[in-house]
């Protein structure tokens with residue numbers, strides 16, 4: 001790859017890199033060697049590149065360099081130290097934005113670095129003066145879920161419901177549902193809260209317009225997450241109850257992808273048990289075979305279905 005010396009071209013090259021850490025570090029070194037006057041696009045592209053690699057430490061290091069540089073500039077300005085170097089300091093490095101911070105949180109979500117995600121989520125207000133948004137909370141909850149920190153994920157979700165104006169966020173709720181691991185009842189409570197917030201949001205939108213037509217919310221992701229949690233709990237009968245309830249309320253279209261989500265949850269449960277030294281000859285009990293068959297049948301049958 002021919003490396004350019006302009007920040008715009010360097011940013012474009014960084015966004016093209018997928019699984020090549022050496023190229024990313026080479027681009028970063030060239031930017032320093034050539035004295036490229038970097039901008040927000042370059043910094044965000046660099047953090048995103050490290051996030052795609054799952055290199056949380058490198059992404060956080062880029063943010064820390066920006067933070068230290070910003071603090072030094074503010075200290076120099078407060079003390080009235082004006083030199084050629086400090087005068088150029090505010091424009092030498094771009095400001096830290098929510099996109100920059102969310103880039104590091106995305107890296108945490110990819111690797112399951114719950115500790116770093118939780119600290120950065122708290123620092124967004126106190127250290128950077130930038131309130132976390134739905135993307136921030138979603139990434140942090142995902143990081144906690146991957147590291148099996150259910151209690152931390154619940155704290156993050158409670159904070160999100162308290163801080164965000166629009167709590168009817170499908171991706172945020174999906175992350176919170178998956179963070180429950182195999183606690184189906186708690187996952188259902190999260191989904192019910194999403195339904196309540198969505199209904200309240202749509203009523204508000206309808207009252208603000210002359211017509212009551214509103215864009216329906218897509219509940220496929222959180223419902224699939226619910227069924228996946230049932231798979232982790234190895235509860236096909238509970239998953240079928242959820243599918244039937246979704247059909248009765250016409251929340252979304254049901255197809256075989258929901259059955260596959262359930263089996264993915266079963267596989268995750270089996271892999272988790274193997275890491276704990278528990279080896280099952282069969283992932284599901286033979287007694288659950290009828291329920292599993294009915295679940296697959298329910299995910300295949302078109303239209304609304306009721307229990308007979």
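Take residue 299 and decide whether it is at pLDDT below 95 and surrounded by 20 or more Cβ atoms within 10 Å (Cβ to Cβ).
Numbers: at pLDDT below 95: yes; surrounded by 20 or more Cβ atoms within 10 Å (Cβ to Cβ): yes.
Considered against the rule, which asks whether it is at pLDDT below 95 and surrounded by 20 or more Cβ atoms within 10 Å (Cβ to Cβ), residue 299 comes out as yes.
Which is assigned by TED's automatic domain parsing to the domain that holds residue 14, at pLDDT below 90, closer than 25 Å to residue 123 by Cα and under 27 Å from the mean Cα position of the chain (by Cα), of 53, 63? Explain how you work it out, then say what you get.
Working: 63 fails: at pLDDT below 90.
Exactly one residue qualifies, and that residue is 53.
Scan (1) at pLDDT 95 or above; (2) within 13 Å of residue 217 (Cβ to Cβ) for the single condition residue 198 breaks and write down its number.
(1)
If the requirement is being touching a helix residue (DSSP H, G or I) at 6+ places or on another chain (Cβ under 6 Å), surrounded by 12 or more Cβ atoms within 10 Å (Cβ to Cβ) and more than 10 Å from residue 224 (Cα to Cα), which of these qualifies: 272, 240? Break it down into steps so the answer makes sense when it comes.
On the way: 272 fails: touching a helix residue (DSSP H, G or I) at 6+ places or on another chain (Cβ under 6 Å).
240 is the lone residue from the list that is touching a helix residue (DSSP H, G or I) at 6+ places or on another chain (Cβ under 6 Å), surrounded by 12 or more Cβ atoms within 10 Å (Cβ to Cβ) and more than 10 Å from residue 224 (Cα to Cα).
For region 71-170, which fully contained helices (runs of 4 or more DSSP H) count at least 2 residues that are at pLDDT 95 or above? Break it down into steps so the answer makes sense when it comes.
Values: elements: 84-87, 89-92, 98-111, 114-126, 134-146, 150-163.
Ranges flagged: 98-111, 114-126, 134-146, 150-163.
Scan region 284-296 for residues that are surrounded by 11 or more Cβ atoms within 10 Å (Cβ to Cβ) and either modelled with pLDDT under 75 or touching a helix residue (DSSP H, G or I) at 6+ places or on another chain (Cβ under 7 Å) (or both) and jot them down.
284, 285, 288, 291, 292, 294, 295, 296
Across region 235-266, which residue is nearest to the chain's Cα centre (by Cα) among those that are without any contact (Cβ under 8 Å) to a residue 24 or more places away in the chain and closer than 20 Å to residue 182 by Cα? Can you show your working first?
Let us first name the residues in region 235-266 that are without any contact (Cβ under 8 Å) to a residue 24 or more places away in the chain, namely 241, 245, 249, 260.
Adding the requirement that they be closer than 20 Å to residue 182 by Cα leaves 241, 245, 260.
On the way: 241: 27, 245: 27, 260: 21 Å.
Going through the qualifying residues, I end up with 260.
The values are calculated or read from the model by the stated rules, or taken from the named source; none is laboratory data. Computed from a prediction, not measured in an experiment: that's the story for all the values here. Don't worry about glycine lacking a Cβ; one is built from the backbone with ideal geometry, like all the others, and counts go over all protein chains shown.
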